[in-house]
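Written out below as structure tokens is the structure these notes cover.
Read-outs: derived from the displayed coordinates by stated rules, not from any lab. This structure is a prediction, so every number in the text was calculated from the model and none was measured. Ideal geometry is used to build each Cβ from the backbone, glycine not excepted, and the neighbour counts take in all protein chains shown.
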Amino acid sequence: MAGRLPENFHEAVAGLRGDIATSRPKLASRQSSQKALEALVPAIPELVGGSADLTGSNLTLVKGMGAVTPGSYGGRYIHWGVREHGMAAAMNGMALHGGIIPYSGTFFVFTDYMRPAIRLAALMRQRVIHVLTHDSIGLGEDGPTHQPVEHLASLRAMPNVFMFRPGDALETAECWELAIRRNDGPSLLALSRQALPAMRGDAGENRSARGGYVLAEADGARSATLIATGSEVAIAMAAREALQADGIPTAVVSLPCWELFALQDESYRADVLGNVLRVGVEAASGFGWERWLGPDGIFIGMSGFGASAPFEELYRYFGITADAIAAAVKRRLG
Amino acid sequence: MAAIDALNADNPALVAQAEILARPVTKERRMADAIRALAIDAVEAAKSGHPGMPMGMADVATVLWSRFLKFDAADPRWADRDRFVLSAGHGSMLLYALLHLTGQAGMGIEELKKFRQLHSPAAGHPEFGEHPGIETTSGPLGQGIATAVGMALAERMLAARFGKSLVDHRTWVIASDGDLMEGISHEAGSLAGHLKLDRLTVLWDDNAISIDGDTSVSTSEDVLKRFAAYGWAVRRVDGHDHAAIAAALSMAMRSKKPTMIACRTIIGFGAPTKPRAATDRHWVPWRRRRPRRRSAGTMARSRSPKASRPIGPLPARAANPPGAPG
């Protein structure tokens with residue numbers, strides 16, 4: 001009831017991060033989230049999960065949790081039904097009641113249905129966690145009704161919300177740890193449907209805790225910095241490889257949580273972002289990116305709604321590819 | 001006074017109010033009257049706020065807080081306390097008056113005098129964190145009732161883990177017509193009924209008044225039938241009859257389902273000339289009514305009695321008397 005985490009919490013997350021750093025799995029971040037939950041749920045009795053009728057897609061259920069059913073409340077998993085708004089508000093009530101750390105699952109696009117309750121969680125500084133999968137055009141064939149575009153920007157605009165968008169399995173575990181440790185506000189995890197390659201093999205430090213960091217430094221004096229989140233970090237890494245092969249030393253910054261990054265001291269942020277050409281890469285609206293890119297930066301992302309097609313084709317169609325990034329950098333650098 | 005008497009004769013709500021006020025004064029009635037007086041004074045001092053709802057629900061809230069609600073005024077965060085959620089957060093003075101009258105620290109008369117002022121715990125709407133007796137921020141209608149469903153579910157889940165000796169409390173909600181119009185109330189009601197959250201009780205301030213006028217301008221559903229269909233136990237009471245209210249709350253304590261109690265009330269109850277005269281008491285203090293956009297003649301409309309509202313002493317709603325303050 002006191003809201004303190006169990007003493008073995010640190011060991012559970014350290015073990016999880018170590019495993020991922022060793023195995024370096026290529027997983028959709030929604031799968032990485034499930035992997036994280038498999039470690040966290042047994043370690044934290046207060047953790048109670050659920051989904052708005054998308055359990056198999058959100059991957060929010062861990063074996064052995066048991067479901068809450070009418071009149072029987074011993075389980076740790078709630079089938080909320082297709083009631084995102086009610087779910088998010090009831091989770092606020094569970095957190096306010098005390099003794100429970102609630103997490104939910106739904107598609108990222110349906111945060112539109114949850115927004116008033118997320119806003120109250122932020123206002124009341126309550127620890128609720130939302131697992132928001134299918135977080136971009138990367139969900140593919142379901143099309144523009146289900147493809148979030150403006151949601152990252154709009155939720156980043158909401159005070160006291162931590163909007164996480166991890167880029168691989170290790171970052172997903174790190175962001176989950178940060179969400180659970182955070183006891184003064186809601187955390188949202190935007191996760192991919194599509195598989196993402198592992199980017200890092202270091203597990204010693206939770207690097208997502210600073211919100212953003214240099215994932216790959218340039219070989220030589222930086223000519224450009226590519227700044228990406230989530231599923232676009234791997235695309236930025238591929239662009240870096242192409243640019244460096246053409247003699248353009250390029251760094252890649254992963255920026256899984258803007259709010260945490262904004263809390264870092266200015267010199268850290270300046271070092272990470274660099275003072276050469278900055279290119280933002282995110283399969284979403286560019287609204288707000290000027291904050292990191294400055295007036296002379298380039299944004300590679302979405303300028304309107306998505307479309308229905310296999311996701312690889314959509315990334316090509318909307319020009320969010322390593323080739324497009326490399327070409328834009330070269331054009332600018334002459 | 002002749003003018004007021006003439007007005008009374010034209011206004012069935014005032015006739016009903018006069019009948020209720022003529023009943024013998026009890027200790028509980030005096031507490032309810034104190035709530036009403038505090039709501040009037042605070043809203044008048046702040047020159048903004050909503051006195052009508054606290055005045056209408058003062059009797060229900062008094063019975064709940066004095067006979068049923070489990071709490072410790074000296075330890076408002078006691079883990080096994082009942083949760084009280086004022087979903088109708090615009091009536092915040094109801095909650096502040098209750099915290100004050102039950103002697104809770106941090107809600108003294110000086111705080112009430114600063115109703116709606118900067119750094120006051122008595123903010124415009126109840127704000128979580130401003131006072132330990134405020135269980136949740138409320139005001140965006142519908143949020144409170146859905147938040148309360150989560151509280152009631154959390155209680156059941158923790159009771160299943162730790163047993164009745166540690167976790168054994170209830171969740172009480174005061175909700176307005178607006179709370180039940182918002183879509184989220186449908187989701188929350190459906191969920192609570194499905195999960196059989198029998199420790200949850202919603203006291204609906206069934207005053208049939210909304211900002212735009214009588215609720216009949218925008219809704220004609222049978223709320224109790226709706227909640228019964230969700231699997232709730234439902235009851236309708238005269239929200240100014242303390243014995244009837246207590247009987248309904250006792251029923252809620254025994255129910256194996258979540259309970260919805262429609263409390264038929266007169267908004268602004270107790271005011272000498274204002275109750276139910278028009279909608280604006282719900283919206284602004286009496287001396288700062290918003291300008292009329294239409295003439296009294298066009299606002300007035302006949303309303304037929306509703307078969308679904310059988311409460312004895314309360315009249316069917318009547319048209320605004322032409323020329324009455326509106």
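See the values below:
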| read-out | value |
| --- | --- |
| Measure of compaction for segment A:9-196 (Cα Rg per 2.2 N^0.38 Å) | 0.95 |
| Amide hydrogen neighbours beyond the local backbone of A:Arg278, cut-off 5 Å, H modeled | A:Thr225, A:Ile298 |
| Under 5 Å, built H, 5+ apart or other chain: amide partners of B:Met107 | none |
| Compactness of segment B:156-206 - radius of gyration and Dmax, Cα, Å | 13.1, 38 |
| With eigenvalues of the C-alpha gyration tensor scaled by 5 and rooted, segment A:207-333, Å | 22, 18, 13 |
| Dimensions (Å) - segment B:11-280, Cα atoms, principal axes, largest first | 52, 42, 35 |
| Local electrostatic count, A:Ala121, Cβ distance below 15 Å [Lys/Arg +1, Asp/Glu -1] | 0 |
| For peptides A:210-221, B:163-174, sequence by mean Cβ density within 10 Å, most packed first | B:163-174, A:210-221 |
| Set of segment A:18-47 residues, backbone N closer than 13 Å to the point 7 Å along the Cα-Cβ line of B:Arg161 | A:41-47 |
| Antiparallel bridge percentage (DSSP; both residues within segment B:11-280; nearest 5) | 10 percent |
| Globularity index of the protein assembly as shown, i.e. its alpha-carbon radius of gyration over 2.2 N^0.38 Å | 1.09 |
| Under-5 Å amide H pairs with A:Trp289, H placed in peptide plane, nonlocal only | none |
| Beta bridge orientation in segment A:1-134: antiparallel %, DSSP, nearest 5 | 10 percent |
| Charge tally in the Cβ shell below 12 Å around B:Ala58, where Lys, Arg are +1 and Asp, Glu are -1, B:Ala58 excluded | -1 |
| DSSP beta bridge pairing in the protein assembly as shown, given as percent antiparallel to the nearest 5 | 15 percent |
| Calculated diffusion of segment A:99-249, Stokes-Einstein form, Kirkwood radius summed over Cα pairs, 10 °C and 1.306 mPa s, µm²/s | 96 µm²/s |
| Shielding by partners, peptide A:77-85 (average Cβ within 10 angstrom, other chains) | 4 |
| Per-q log10 I(q)/I(0), chain A, q = 0.08, 0.09 Å⁻¹ (Debye; single scatterer per alpha-carbon; no solvent) | -0.35, -0.44 |
| Value of relative contact order over chain A, rounded to a whole percent, pairs C-alpha under 8 Å and six or more apart | 18 percent |
| Local electrostatic count at B:Gly142 - Lys and Arg +1, Asp and Glu -1, tallied over other residues with Cβ under 10 Å | -3 |
| Gain in span if fully extended, A:Asp323 to A:Asp112, counting 0.36 nm per residue against the direct Cα distance | 72.6 nm |
| Backbone HN-Hα couplings from phi across segment A:156-166 [Karplus 6.51/-1.76/1.60, Hz, Gly and Pro as x] | 5, 7, 7, x, 6, 9, 9, 9, 9, 9, x |
| Whether segment A:66-121 is rounded, prolate or oblate, judged on the alpha carbon gyration tensor where a/c under 1.5 counts as rounded | oblate |
| Note, ³J(HN,Hα) from phi for segment A:208-219, Karplus 6.51, -1.76, 1.60, rounded to Hz, x at Gly and Pro | 5, 4, 8, x, x, 7, 7, 7, 9, 6, 5, 7 |
| Cβ crowding within 10 Å averaged over residues, with B:47-55, A:244-252 ranked highest first | B:47-55, A:244-252 |
| D_trans [Stokes-Einstein, Kirkwood Rh over alpha-carbon pairs] for segment A:1-113, 4 °C, 1.567 mPa s, µm² s⁻¹ | 86 µm²/s |
